[in-house]
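Everything below concerns the one structure shown next.
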Amino acid sequence: MARWWFGWCVTLLLAGCASAPQTPNWRPEVLLHDESFAPLAQAIDASEVFAVDDAMREYVRHGARGLSYQRDRAEWLVKSLYRRGELRLEYDTAITRNAAQAFEARSGNCLSLVLMTAALAKELDLQVEYNSAYTDETWSRNGSLLLRSGHINVTVGRRLIDRGRGVDVDWTVDFLPPGELRGLRLQPLKEATVVAMFMNNRAAEALARDAGNEAYWWARAGLLADPEFTGVVNTLGVIYQRSGRLEAAAQVFNEVLRQQPTHTQALNNLALLYEQQGRPDAAAPLRARLAALEPEPPYHWFALGQQALRRGDARAAREFFAREVKRADYSSEFHFWLAIAHYQLGETEQAQQELERAHALSASHDERDLYAAKLAWLNQQRH
């Protein structure tokens, strides 16, 4: 299963789990402002998302000599993703890699690993389908960006020529960490939407490192790949907003809301924009709609917990962080800050438990290293 960012998986709110319904006469080009952004030294090429390199072709050729490959190449591919000594993939959310980059690194976020799996499956002439896998909303942060995560998985099946020659089995590959495969509801995705998700993630990652010019071109590519994917439209609005192009941003957010009136990220972003312009009367009805849709928005209790820590009230902070953990147990960040509150209250055993949970939930090498260091320090203090 793959995790893609909204914000899309990135806001400020950037993204969306669902594609917007097709809108008659909807022309995405009206939202673009190429003249305001310097061209990139290397143009973005959508064909590179699934491109197979020599190393991937060699991997397939090597596998073709095996007996299991000859029996069922779909089964061989899926098992090679997990079998020790084969690909030995590692889940890592630090960057969204294309198919070839994920294969080379043997790691990636869920979207990267889905791209790699699909590319290898196509090289094997297998059928490929993508699914949006709806779960409870998941959120994270990167600097000032609030990131909403969605999930996809990939299903590979036998070649059409092999259908009917035995038991026809399709294999659904899901890369979510253990414990996150709950309450899944699947909906088919077009490959164009998957490409737009990749571009959207890259745009969000560029925004997170304040590379707004680069972010624009990634979002532009995603918009043209699939104009129906409201996540990338919303991301384009955030790029305009952060670069001071407020009228362009307002146009984009209003377009998202025209297509999807309950899009909470766009509602929040447009309200922020009106407040930034000194137009509280315009922002107020948006805030009211947002409050009705989202009475306790993401990171609500977390923000209150941090405020409590700043005023020296660790007991209140512990309660607020515990409320966030209760509704978002997947977040390593929430467990980490709950550990801090426990530690400040002298509850070192509980602090260690929360740090261990944060370490187990870490989704990148940097996070794992950070929490491992914190755990080592805490263990030293306890002993």
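The values are calculated or read from the model by the stated rules, or taken from the named source; none is laboratory data. Since this is a predicted model, take the numbers as computed values, not measurements. Cβ placement follows ideal geometry from the backbone for every residue including glycine, while neighbour counts extend to all protein chains displayed. Note: accessible area is taken over every heavy atom of the protein model, side chains too, but ligands, DNA and RNA are not part of it. Shrake-Rupley method; radii C 1.70, N 1.55, O 1.52, S 1.80 Å.
Brief remarks follow.
- Applying the set (1) modelled with pLDDT of 75 or more; (2) within 29 Å of Glu324 (Cα to Cα); (3) over 16 Å from the mean Cα position of the chain (by Cα) to Gly179 leaves exactly one unmet item: (1).
- Boolean, Glu255 is among the acidic types (Asp, Glu), under 27 Å from Val238 (Cα atoms) and at pLDDT 90 or above: yes
- Filtered by the rule that a residue be charged (D, E, K, R) and closer than 14 Å to Ala203 by Cβ, segment 222-252 gives Asp226, Arg242.
- Between Ala282, Ala248, the distinction of being in contact with a helix residue (DSSP H, G or I) (Cβ under 6 Å, 6 or more places away or on another chain) and free of Cβ contacts under 8 Å to residues at least 12 places away in the same chain belongs to Ala282 only.
- Cβ-Cβ contacts under 8 Å between residues 6 or more apart (or on different chains), taken from a first residue in segment 335-346 that is under 14 Å from Arg357 (Cβ atoms) to a second residue that is buried (at least 20 other Cβ atoms within 10 Å of the Cβ) and among the hydroxyl-bearing types (Ser, Thr, Tyr), are listed as Phe336/Tyr371.
- Annotation for segment 328-338: at least one member residue is outside any helix (DSSP H, G or I), small (Gly, Ala, Ser) and open to solvent by less than 20 Å² (accessible area, probe 1.4 Å).
- Within the set Ala204, Ala208, the sole residue that is at pLDDT below 95, touching a strand residue (DSSP E or B) at 6+ places or on another chain (Cβ under 8 Å) and crowded, with 24+ Cβ neighbours inside 10 Å turns out to be Ala204.
- Restricting Ala249, Ala303, Ala291, Ala266 to residues that are over 30 Å from Ala316 (Cα atoms), open to solvent by less than 60 Å² (accessible area, probe 1.4 Å), modelled with pLDDT under 95 and not in a loop (DSSP other than H, G, I, E, B) narrows the list to Ala266.
- Considering segment 62-161, the qualifying helices (runs of 4 or more DSSP H), each wholly inside and each with 1 or more residues that are modelled with pLDDT of 85 or more, run over 73-82, 99-105, 110-123.
- Within segment 277-288, if we keep just the residues that are assigned to a helix (DSSP H, G or I) and over 27 Å from the mean Cα position of the chain (by Cα), the residue that is surrounded by the fewest Cβ atoms within 10 Å (Cβ to Cβ) turns out to be Asp281.
- Of all residues in segment 45-63 being open to solvent by 30 Å² or more (accessible area, probe 1.4 Å) and among the small types (Gly, Ala, Ser), the one that is nearest to Ala121 (Cα to Cα): Ala51
- Residue check for Glu324: open to solvent by less than 10 Å² (accessible area, probe 1.4 Å), in a helix (DSSP H, G or I) and acidic (Asp, Glu): yes
- A count restricted to segment 211-246 and to residues that are touching a Gly at 6+ places or on another chain (Cβ under 8 Å) and open to solvent by 30 Å² or more (accessible area, probe 1.4 Å) stands at 2.
- Counted residues, segment 215-267 - those being over 18 Å from Met199 (Cβ atoms) and either within 16 Å of the chain's Cα centre (by Cα) or of a type in the set (A, V, I, L, M, F, W, C) (or both): 8
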